[in-house]
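Below is one structure; the comments refer to it alone.
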Amino acid sequence: QVQLVESGGGLVQAGGSLRLSCAASGRTVSSSSMGWFRQAPGKEREFVSAIISGGNTYYADSVKGRFTISRDNAKNTVYLQMNSLKPEDTAVYYCAQSYYITSVYRTSSWRYWGQGTQVTVSS
């Protein structure tokens with residue numbers, strides 16, 4: 001059974017940084033595609049970033065240059081380093097995992113989801 005547990009969310013001022021973690025069990029992050037999505041109140045869940053098993057990374061245009069996804073295979077954990085945070089980054093951030101994936105950008109492509117962690121950026 002795959003379990004994904006996010007942590008690291010919180011309240012930060014605009015311009016600040018946070019690092020989100022996603023600890024995975026049941027399947028190794030190195031052999032899976034791992035992704036981050038976010039959902040703001042009243043909005044649909046949207047793609048933020050992904051890293052596939054081969055190591056390629058993907059980012060939404062809105063976070064390119066500010067967010068970095070990485071993984072620690074020994075800890076079976078994926079991270080999302082978020083710098084230069086903006087109020088519009090405020091959302092619940094979800095970790096996702098899938099072994100086979102057709103498009104990292106679509107929520108329907110991902111099989112497993114974490115419970116989410118709240119990120120709030122104040123202006």
Worksheet, complete the sentence: Eigenvalues of the alpha-carbon gyration tensor of the chain, times 5 and square-rooted, give semi-axes in Å, largest first, of 22, 14, 13
Response to the item:
With every protein chain kept in place and a 1.4 Å probe, the residues 44, 88 fall, from largest accessible area down, as 44, 88
Worksheet entry | Residue-normalised accessible area of the chain, expressed per residue, 1.4 Å probe, Å² | 51
Discussion item. Leaving out ligands, DNA and RNA, and with a 1.4 Å probe, what % of the accessible surface on the chain is carbon or sulfur?
Written reply: 45
Response to the item:
So, with points 7 Å from each Cα along the Cβ direction, the residue 115-residue 103 label distance in nm works out to 3.1
Item to complete: Could you work out the local net charge near residue 43, counting Lys and Arg as +1, Asp and Glu as -1, over the other residues with Cβ closer than 13 Å to its Cβ?
Response: -2
Worksheet entry | Separation of the residue 17 and residue 74 label points, Cα + 7 Å toward Cβ, nm | 2.1
Worksheet item: In nm, what is the difference between 0.36 nm times the number of residues separating residue 66 and residue 45 and their Cα-Cα distance?
Response: 5.6 nm
Practice prompt. Any lysines with Cα under 27 Å of the residue 86 Cα? List them, leaving off those in the same chain fewer than 8 positions away.
Written response: 43, 64
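The values are calculated or read from the model by the stated rules, or taken from the named source; none is laboratory data. Because the structure is predicted, anything quoted here is derived from the model rather than measured. Positions of Cβ are generated from backbone atoms using ideal geometry, with glycine treated the same way; all protein chains shown enter the neighbour counts. These area figures cover heavy atoms from the full protein model, side chains too; ligands, DNA and RNA do not enter into them. Shrake-Rupley method; radii C 1.70, N 1.55, O 1.52, S 1.80 Å.
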